[in-house]
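Here the structure comes first, spelled out in structure tokens, and everything after it is commentary.
Taken together, the values in this text are just the output of simple stated rules run on the coordinates, not laboratory data. Treat the numbers as computed from the prediction; the structure is a model and nothing was measured. Note that each Cβ is placed from the backbone with ideal geometry, even for glycine, and that neighbours are counted across all protein chains shown.
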Amino acid sequence: MVEDKECLHLAHFLFPGRALHKDEKKMLLSAIAARQLCRIEFVDAGDVQDLCLQVYEDRTLVTCMNTSGCPSYTLDKSEEVVRAFAYLFNCSPLAEEEMLSSPSLLMSRSVYEKLRHHSGSCALPQLAASLSAATGDQEQSFSLARVMKHCSETGELRLCSRTPGGWEMQYASYIGHHSNGWLLRMSCKASEDWMIAVPISRGQLFAALEEWIVHAVVPSSE
């Protein structure tokens, strides 16, 4: 068992709802020394990536969680992180202007989850109208509804950043279809019923993650 309180806290967030196997426990025990941790699960047309990233001052350690033995490899430079993401997630580095995006949508998480559950049997105009009623944005709601109906890419991001007061945790999911995608940010607390949907391409998503890894501010201990 992973007895350490800090490890248990991370385990519950990174691997929710199940017990850890031996290789995951070993990885997590070493990962608590990292500056940042991240678990990325991404599915594209049946191709599954499940990675844990341990970010240190001088390197990033990548562990493949869905491969037997959970093999790891080290990236020593920021350019290696960018190249690894481009290869693993089949996306190209972006120019700075490509990071600009459209306005986001704010809505109830429980309402979204209910609509997502019924999206397969719901006509697109009806789904878009329901989202528009929840968000107040007709145009962006139609775009989100279209991706929900024809979703071919899904992902989850679980981000952990060390702070003087402990680990700060953030959760987001991703849905996409061809060049269109949405990042769905929501609270890690079950009591908070909100969700922010941000229109974003796959390339923009992983460029933002690269930024979080490479340019994160090191927390002060003072």
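Farthest toward the positive end of the dipole of the stretch 119-212, out of PHE142, ALA123, LEU159, is the Cα of ALA123, where the dipole comes from beta carbon charges about the Cα centre. Rounded to the nearest Hz, the phi-derived 3J(HN,Hα) couplings of the stretch 37-51 under the Karplus curve 6.51 cos²θ - 1.76 cosθ + 1.60 (θ = phi - 60°) are 10, 8, 10, 10, 10, 9, 10, 9, 6, x, 7, 10, 10, 9, 10, where x marks glycine and proline.
Taking packing as the residue-averaged number of other Cβ atoms within 10 angstrom, the listed peptides 110-118, 7-15 run from highest to lowest as 7-15, 110-118. When THR63, THR74 are arranged by Cβ crowding within 10 Å, least crowded first, meaning fewest neighbours, the order is THR74, THR63.
Cβ crowding within 10 Å, taken as a proxy for footprinting-reagent exposure, orders TRP182, TRP167 from fewest neighbours to most as TRP167, TRP182. Only helical runs count toward this figure. For the chain, summing -39,500 (n - 2.57) over DSSP H runs of n ≥ 4 and dividing by all residues gives -10500 deg cm²/dmol at 222 nm. Each Cα pair under 8 Å and six or more residues apart adds its separation to the average, and for the stretch 43-191 the resulting relative contact order is 14 percent. Think of each Lys and Arg Cβ as +1 and each Asp and Glu Cβ as -1; about the Cα centre, that makes the dipole of the chain roughly 680 debye. Distance between the modelled labels on SER152 and ARG83, one decimal in nanometres: 2.9 nm (7 Å Cα→Cβ projection).
Every Cα-Cα pair of the chain was included, and the share exceeding 29 Å stands at 31 percent.
Taking every C-alpha pair closer than 8 Å and separated by at least 6 residues, the mean separation divided by the residue count of the stretch 6-65 gives a relative contact order of 24 percent.
Note on GLU192, GLU210: ascending count of other Cβ atoms within 10 Å places them as GLU192, GLU210, the fewest first.
Residue pairs exceeding 27 angstrom between C-alpha atoms, taken from LYS22/LYS149; LYS25/LYS189; LYS22/LYS114; LYS5/LYS114: LYS22/LYS149; LYS22/LYS114; LYS5/LYS114. For the stretch 96-161, the equivalent ellipsoid derived from the Cα gyration tensor has semi-axes of 21, 16, 13 Å, listed largest first.
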